[in-house]
Structure formats: C-alpha cells, structure tokens
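Undergrad: The structure's right below; bear with me while I get my questions together.
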Amino acid sequence: MKPPLFILTCMRSFSSVVSNMLGQHPQAYGLPELNLFVADTLGEVIERLETHRPQGLNGLLRTIAELEYQTQTRETVGRARAWLAQRRQWPIRRVFDFIGQRCGARMLVEKSPSTVLDEARLSRLHRHFPEAYYLHLVRHPRATCKSIYEIQQKTAILAKRRTGAPTNPESLWLRANRNILRFTRQLRPGQTLCIQGELLLSQPAVYLPQIAEWLEIRTDDAAIADMLHPERSPYAGIGPPNAPFGHDPNFLHNPRFEQRPLRPTRLEGPFDWPAPGATQFSRATLKTARILGYQ
C-alpha cells in the first residue's frame with residue numbers, strides 16, 4: 001500500500017469536499033472522518049466518542065459497513081457496531097491497516113478535524129504513521145469562524161437546549177492551525193503541503209495536478225477529471241438513520257462540486273458574528289493567518 005494521506009484542518013474548512021475529491025482519484029480511496037486518533041485502542045476511541053460526541057462514530061461505522069458488508073443500511077451499520085465491539089482491544093493502527101487491506105493498493109485519504117485540536121493526538125498520528133503524507137488545508141479565519149458560529153447555532157436549535165457556552169470560533173481556528181504548523185515543521189522535506197482551500201476549489205485544474213504530483217500518483221486528464229466528482233464516493237450522502245453523518249452535513253446534502261470563485265475576505269475589521277469580549281481578531285490570529293498567506 002502507498003502511505004496514506006491525512007488532511008489536517010480546522011473544522012468548516014472545505015475538508016469534506018476536498019477529501020472526497022482527492023479520494024476519487026483512481027489510485028486513492030477517500031474515507032469519512034474516522035476519529036481514530038483520540039485514543040490508543042479501538043475500545044478507548046469508542047468510549048471517548050460515545051461519551052463526548054456520539055456522532056463522531058458515524059464515519060467509522062459507515063466505513064466498516066461498506067467495506068465488510070458491501071452496503072450501508074440500518075442493518076449493516078448495526079452489524080458494524082457489533083464488529084467494532086468485538087475488537088475493542090485492537091490498537092488503532094490495526095484498525096486502519098484492516099481498512100487499508102480492504103481497499104487494496106489504493107492510497108487512503110482521511111480527515112478528522114478532531115485530530116488537530118490536541119497536540120497529543122497529532123503526536124499519536126505521527127507515531128503510527130511516520131511515513132504518511134500530510135496536507136494542511138486552510139481557510140480564511142473570517143469565513144471559517146462565521147461558519148463555525150452558524151453551525152453552533154444550528155446545533156443548539158436542533159438540540160433544543162444548550163449544554164454550556166460554545167467554544168469561541170476564533171480560538172478553535174487559532175488552536176487548530178497553530179497545532180498543525182508546529183506539527184508540520186517537524187516533518188521531513190516533501191512530506192507536507194499547505195494549500196488554501198479557496199485557491200484549490202476556485203482553480204482545481206491548477207492545483208489538483210500539483211497535489212497528485214506531490215503524492216506521486218497519476219496526473220493525467222482522466223485522473224484529474226475523476227477528482228471533480230466527489231459525489232461518486234460511497235460516503236457522499238446522508239447515511240442510514242443509525243449513522244447518518246461522517247462528513248459535514250451541508251456536503252452530505254449536496255455533494256456535487258461546483259467550481260466558483262472563492263475570494264478570501266479581509267482580516268481587519270469587526271466580526272460578522274457576535275463574540276463576547278472581542279470585536280476583531282487578536283494579534284495571534286492575524287499573525288497566524290498571514291503566515292498562511294492571508295492578508
């Protein structure tokens with residue numbers, strides 16, 4: 001198997017559409033969010049996710065249902081849950097290797113925004129996959145934070161209750177991207193690539209071949225054309241009722257890629273969302289954003 005590709009990114013940064021695009025390359029297999037790197041064993045992963053974020057298991061359940069039982073239904077997701085329960089003692093690397101064996105020689109493409117929120121999780125990822133490729137996918141902090149705020153509000157409305165104050169969107173963006181920058185600085189030359197999601201989605205014909213060349217996979221027109229159809233992924237759509245997600249819900253409801261200009265907005269100026277205690281980005285956020293090429 002080729003070394004896997006892990007997309008390191010803050011939530012709400014185009015990772016669902018980008019991971020599914022790259023996963024449609026003929027030599028790749030795009031996975032939903034597995035969230036495996038929150039702990040060392042499968043049992044610990046299950047316990048942590050079921051306690052703090054039950055929907056975080058959706059991607060892993062859908063993956064096992066698809067690869068082990070060849071379809072994603074309420075029944076096969078139930079069987080996948082039993083499959084996982086029987087293997088709680090497995091180290092997370094063994095789980096990932098099992099998935100890789102089912103996918104043959106294709107490069108696995110995985111993205112879990114939960115991984116980058118904790119440096120210990122990034123260290124665990126690298127310990128298990130020192131040979132992997134790491135793509136740092138970024139989005140302008142203003143657009144990202146506004147999107148995080150909107151999903152927080154939507155989640156609170158759907159839950160019909162609040163379980164405490166939501167995390168400040170700016171702190172999420174800053175923590176995620178600072179962690180990724182510290183992590184990728186330690187990698188060997190050529191092992192990591194940073195790209196602005198706005199550029200990639202605005203000019204896929206320019207940037208998809210560059211990413212494929214970096215990954216040492218095919219760069220011909222047919223391979224690039226395949227990557228323009230993320231909707232062909234078996235995970236690009238709402239799943240069964242007992243595992244409906246695994247990617248951003250907005251993407252799952254409309255997984256087709258539509259090329260359009262995405263111009264980064266301004267860094268300076270007041271927020272476009274309510275943020276108690278602050279009205280504009282901190283110096284730390286501005287500095288990090290400029291490191292990532294935003295102005």
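Undergrad: Under 5 Å between amide H atoms, partner at least 5 residues away or on a different chain: which partners does Leu34 have, H built in plane at 1.01 Å?
TA: Residues meeting the criterion, in which the H sits 1.01 Å from N, are Lys111.
Undergrad: Over the chain, what relative contact order in percent results from Cα pairs under 8 Å that are six or more residues apart?
TA: 29
Undergrad: Next question. Can you list the HN-Hα couplings for segment 179-196, worked out from phi with the Karplus curve (6.51, -1.76, 1.60; θ = phi - 60°), rounded to whole Hz and with x for Gly and Pro?
TA: Result, rounded to whole Hz: 4, 5, 4, 4, 5, 5, 5, 8, 7, 6, x, x, 8, 10, 9, 10, 9, 7.
Undergrad: Magnitude of the Cβ-charge dipole of segment 38-173, K/R +1 and D/E -1, about the Cα centre, nearest 20 debye?
TA: Using Cβ point charges on Lys, Arg, Asp and Glu, segment 38-173 gives about 380 debye.
Undergrad: For every helix of n ≥ 4 consecutive DSSP H residues, a contribution of -39,500 (n - 2.57) applies; sum these over the chain, divide by its total residues, and give [θ] at 222 nm rounded to the nearest 500 deg cm²/dmol.
TA: -14000 deg cm²/dmol
Undergrad: What's the extension gain from Ser202 to Arg74 if we count 0.36 nm per residue and subtract their Cα-Cα distance?
TA: Stretched fully, the Ser202-Arg74 segment lengthens by 42.4 nm.
A short reminder: the numbers here are calculations on the coordinates, not readings from a lab. Values in this document were obtained by computation on a predicted structure and should not be read as measured data. Quick reminder, even Gly has a Cβ in these numbers, built from the backbone with ideal geometry, and neighbours come from all protein chains shown.
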